[in-house]
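The values are calculated or read from the model by the stated rules, or taken from the named source; none is laboratory data. Keep in mind that this is a model prediction, so the values were computed, not measured. Here Cβ is always computed from backbone atoms with ideal geometry, including for glycine, and neighbour counts include all displayed protein chains. The accessibility values were calculated without ligands, DNA or RNA, using every heavy atom of the protein model including side chains. Shrake-Rupley method; radii C 1.70, N 1.55, O 1.52, S 1.80 Å.
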Amino acid sequence: MKVLGVNAIFHDPAAALVIDGRTVAAAEEERFSRRKHGKRPVPFSAWEVPELSAAWCLREAGLRPEDLDAVAYSFDPALCGDLAALGVDDPADAMRVDYARRAPQFLAAALPGLDPQQVRFVPHHVAHAASAGLATGGDGAVLVLDGRGETASHLAGVYRDGELTTLAAQQLPHSLGLLYENLTRHLGFLHSSDEYKVMALASYGRPRFLAELRELVHATGDGGFRVEQIDWPALAKARAADAELTADHADLASSVQARLEEVQLELAHWLFAAAGGPTMLTMAGGVALNCVANARIAAEGPFARVWVQPAAGDAGTALGAALHVAAAAGVVEPMRGADLGRGWSDEELEAELRRAALPYSRPADIAAEAAQVLARGGIVAWFQGRSEYGPRALGHRSLLGHPGERRMTARMNDVKGREQFRPIAPMVRAERFADVFEGQYPSPYMLFVHRVKPAWADRIPAVVHVDGTARVQTVHPDSEPLVARMLAEFEARTGLPVVVNTSLNTAGRPMVDTPREAMELFGSAPVDLLALGPFAVHRAAAFAEDGAR
């Protein structure tokens with residue numbers, strides 16, 4: 001069975017293709033359109049479908065639209081009601097729902113040959129749940145938390161033999177995701193985009209507003225929660241986007257972050273009991289991208305294992321919707337990794353380098369070449385294999401650096417044009433994780449924070465956040481042999497099993513996805529080496545030749 005999954009309704013439009021239960025391709029529309037998050041989450045944009053990523057998914061599998069057995073759309077307009085009756089002030093939501101009803105026609109126009117009758121609506125939170133529960137084998141508890149779906153903001157359930165039983169769902173207007181979005185907006189950042197900045201800022205503050213927030217945000221003991229109206233200016237003044245961040249802003253971020261973690265922990269304990277004590281918890285929804293909260297659930301929650309969908313935000317519902325429809329027709333395979341996007345052959349990469357007239361070499365081992373540059377303190381643009389599905393760079397579209405240089409954090413933030421309070425993350429060889437870090441293991445998708453052991457804090461200062469933690473990616477040689485070899489080569493030269501890993505992009509732009517975009521970044525940012533597949537482009541050589549022309 002060939003199922004194309006589509007997310008289009010709110011933000012982060014994406015497409016995914018599942019054939020006979022196996023995920024063969026998945027990508028966000030932003031990687032093709034170069035519009036960050038694909039579009040803004042306003043009702044007027046709900047008609048837009050991920051036509052570029054959907055068309056690529058089909059090309060990747062050699063399919064035409066008419067070859068599809070189904071298209072799974074991750075929102076069900078039949079479930080929508082009067083939001084005003086729920087206390088949600090969004091008079092334009094009727095337009096969003098109307099566009100959702102017309103999705104079959106929009107998709108048929110975008111993918112000529114597609115029969116609109118093939119489009120099936122999948123409830124938004126069911127799609128989120130499937131992206132986690134079915135992606136890991138279809139057995140275990142699942143917790144979904146985001147801004148909103150049709151009329152809810154949460155689903156707690158359990159998968160048994162691939163079948164989902166919903167145990168609780170929180171109706172709007174109560175939403176932990178919208179709580180964090182409103183905080184993000186109040187602090188002068190872009191909501192539905194910059195929530196991760198607020199998470200980073202929280203580590204600089206004290207949770208001194210926690211008592212007030214506990215009165216307003218609380219679990220209800222039945223699997224749900226309440227989020228009452230919050231008078232944000234009474235806690236801290238609103239910040240303009242270009243204004244200074246103050247201690248009050250950091251304290252407010254810290255307080256909301258702490259309360260979010262507390263409520264999520266209560267929900268996790270309730271779900272564990274209601275689901276009969278399963279071993280594993282899987283998580284999805286935008287709130288599941290909060291790696292600080294995830295780490296606390298893993299450390300203090302009742303589950304032996306916690307797994308988070310790497311594309312936990314709305315982009316992941318494209319995959320979840322496809323898996324949900326595919327599972328109804330048979331067994332689906334677990335997700336094997338996040339490298340589900342576009343890739344290029346060595347011949348195609350070399351052709352792009354020649355077209356760009358860049359001086360390049362093909363070293364005996366690109367991993368050793370990159371490690372040598374990193375050991376000398378250089379920054380490496382690392383472009384390898386298929387691109388990642390989700391917002392994290394996981395060693396396929398990454399900027400790499402030396403973790404032992406204290407200035408590396410500032411250097412990386414300068415290269416990317418980011419705020420200086422933002423941390424940068426480490427990747428570590430899986431077999432060395434326990435020597436350096438504490439916390440959730442394995443962590444291949446960089447979705448948990450980990451305490452850095454005291455003996456290592458001064459050895460890898462660039463990746464240690466102000467609170468003594470790091471957002472770690474564990475690299476396993478069976479699934480990521482090239483990255484693991486690069487880490488081993490770096491350790492052989494420096495004694496450090498850790499390398500700085502941040503996304504291959506600059507501020508406000510989607511992650512680099514194509515060879516041309518990688519070369520454009522290399523040419524415009526102070527990067528010392530471009531490792532493009534097996535090929536190496538050194539900045540010194542490239543600029544020396546430019547000067548000689």
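Name the residue, out of Ala488, Ala536, Ala484, Ala541, that is more than 23 Å from the chain's Cα centre (by Cα), assigned to a helix (DSSP H, G or I), surrounded by fewer than 23 Cβ atoms within 10 Å (Cβ to Cβ) and modelled with pLDDT of 95 or more. Let's see the steps before the verdict.
On the way: Ala536 fails: assigned to a helix (DSSP H, G or I); Ala484 fails: more than 23 Å from the chain's Cα centre (by Cα); Ala541 fails: modelled with pLDDT of 95 or more.
Of Ala488, Ala536, Ala484, Ala541, the one residue that is more than 23 Å from the chain's Cα centre (by Cα), assigned to a helix (DSSP H, G or I), surrounded by fewer than 23 Cβ atoms within 10 Å (Cβ to Cβ) and modelled with pLDDT of 95 or more is Ala488.
Does the stretch 450-458 contain any residue that is outside any helix (DSSP H, G or I), buried (at least 21 other Cβ atoms within 10 Å of the Cβ) and under 22 Å from the mean Cα position of the chain (by Cα)?
As a first pass, look at the stretch 450-458 and keep what is outside any helix (DSSP H, G or I): 450-453, 458.
Applying the additional criterion that residues be buried (at least 21 other Cβ atoms within 10 Å of the Cβ) yields 450, 452.
Checking which are under 22 Å from the mean Cα position of the chain (by Cα) leaves us with 450.
Among the residues of the stretch 450-458, at least one is outside any helix (DSSP H, G or I), buried (at least 21 other Cβ atoms within 10 Å of the Cβ) and under 22 Å from the mean Cα position of the chain (by Cα), which makes the answer yes.
Mind listing just one residue for me: the one in the stretch 175-211 that is touching a Phe, Trp or Tyr at 6+ places or on another chain (Cβ under 8 Å) and in a loop (DSSP other than H, G, I, E, B) and, of those, modelled with the highest pLDDT?
As a first pass, look at the stretch 175-211 and keep what is touching a Phe, Trp or Tyr at 6+ places or on another chain (Cβ under 8 Å): 176, 182-183, 186, 192, 195, 197-198, 200-201, 204.
Filter once more, so that each one left must be in a loop (DSSP other than H, G, I, E, B): 192, 204.
Numbers: Ser192: 86, Tyr204: 96.
Checking each candidate, the answer is Tyr204.
Would you point out the residue of the stretch 193-229, among those that are touching a strand residue (DSSP E or B) at 6+ places or on another chain (Cβ under 9 Å) and crowded, with 19+ Cβ neighbours inside 10 Å, that is nearest to Phe448 (Cα to Cα)? Don't jump to the end; show me each part of the working.
Kept after step one, since they are touching a strand residue (DSSP E or B) at 6+ places or on another chain (Cβ under 9 Å), are these residues of the stretch 193-229: 203, 216-220, 222-228.
With crowded, with 19+ Cβ neighbours inside 10 Å added as a condition, the list becomes 203, 217, 223, 225, 227.
Working: Ser203: 15, Val217: 24, Gly223: 24, Phe225: 24, Val227: 25 Å.
Checked the stretch 193-229; the qualifying residue nearest to Phe448 (Cα to Cα) is Ser203.
So which pairs qualify, if the first residue must be in the stretch 458-473 and of a type outside the set (A, V, I, L, M) and at pLDDT 95 or above, the second must be surrounded by fewer than 16 Cβ atoms within 10 Å (Cβ to Cβ) and part of a loop (DSSP other than H, G, I, E, B), the Cβ gap must be under 6 Å, and the two must be at least 6 apart or on different chains?
Qualifying pairs under 6 Å: Pro461/Arg406.
Just give me the residues in the stretch 101-141 being within 21 Å of Ala169 (Cβ to Cβ), open to solvent by less than 50 Å² (accessible area, probe 1.4 Å) and either outside any helix (DSSP H, G or I) or acidic (Asp, Glu) (or both), in sequence order.
Residues satisfying the conditions are Val122, Pro123, Gly138, Gly140, Ala141.
Where residues in the stretch 463-481 are within 17 Å of Lys416 (Cβ to Cβ) and open to solvent by 10 Å² or more (accessible area, probe 1.4 Å), which of them is farthest from the chain's Cα centre (by Cα)? I'd like the intermediate steps shown before the answer.
Step one: list which residues in the stretch 463-481 are within 17 Å of Lys416 (Cβ to Cβ), which gives 463, 465, 471.
Cutting the leftovers down to open to solvent by 10 Å² or more (accessible area, probe 1.4 Å) gives us 465, 471.
Details: His465: 20, Arg471: 13 Å.
Ranking the candidates gives His465 first.
Out of Asp346, Asp314, Asp339, report the one residue that is acidic (Asp, Glu), crowded, with 24+ Cβ neighbours inside 10 Å and within 30 Å of Phe32 (Cα to Cα). Give the steps one after another, and end with the answer.
On the way: Asp346 fails: crowded, with 24+ Cβ neighbours inside 10 Å; Asp339 fails: crowded, with 24+ Cβ neighbours inside 10 Å.
Going through Asp346, Asp314, Asp339 in turn, just one is acidic (Asp, Glu), crowded, with 24+ Cβ neighbours inside 10 Å and within 30 Å of Phe32 (Cα to Cα): Asp314.
Filter the stretch 439-463 down to the residues that are touching a Ser or Thr at 6+ places or on another chain (Cβ under 9 Å) and on the phi < 0 side of the Ramachandran plot and list them by number.
Tyr441, Pro442, Ser443, Pro444, Val449, His450, Arg451, Val452, Pro461, Ala462, Val463, listed by residue number.
Among what's in the stretch 230-252 and is in a helix (DSSP H, G or I) and among the aliphatic types (A, V, I, L, M), pick the residue that is surrounded by the fewest Cβ atoms within 10 Å (Cβ to Cβ). Explain how you work it out, then say what you get.
We begin by selecting, within the stretch 230-252, every residue in a helix (DSSP H, G or I); these are 232-235, 247-252.
From the residues that got through so far, the ones that are among the aliphatic types (A, V, I, L, M) too are 234-235, 247, 250, 252.
Working: Ala234: 9, Leu235: 19, Ala247: 12, Ala250: 20, Leu252: 27.
Checked the stretch 230-252; the qualifying residue surrounded by the fewest Cβ atoms within 10 Å (Cβ to Cβ) is Ala234.
Could you list all residues from the stretch 253-290 that are assigned to a helix (DSSP H, G or I), in contact with a helix residue (DSSP H, G or I) (Cβ under 8 Å, 6 or more places away or on another chain), touching a residue at least 60 places away in the same chain (Cβ under 8 Å) and open to solvent by 10 Å² or more (accessible area, probe 1.4 Å)?
Selection gives Gly286, Val287, Leu289.
Considering only residues that are under 20 Å from Gly508 (Cβ atoms) and either crowded, with 24+ Cβ neighbours inside 10 Å or of a type in the set (A, V, I, L, M) (or both), which ones fall in the stretch 28-47? Explain how you work it out, then say what you get.
So in the stretch 28-47, the residues under 20 Å from Gly508 (Cβ atoms) come out as 28-42, 45.
Answer for the stretch 28-47, where residues must be under 20 Å from Gly508 (Cβ atoms) and either crowded, with 24+ Cβ neighbours inside 10 Å or of a type in the set (A, V, I, L, M) (or both): Glu28, Glu29, Glu30, Arg31, Gly38, Val42.
Mind checking which pairs have a first residue in the stretch 95-117 that is of a type in the set (Ser, Thr, Tyr) and a second that is part of a helix (DSSP H, G or I) and open to solvent by less than 30 Å² (accessible area, probe 1.4 Å), Cβ under 8 Å, 6 or more apart or different chains?
The qualifying pairs are Tyr99/Pro43.
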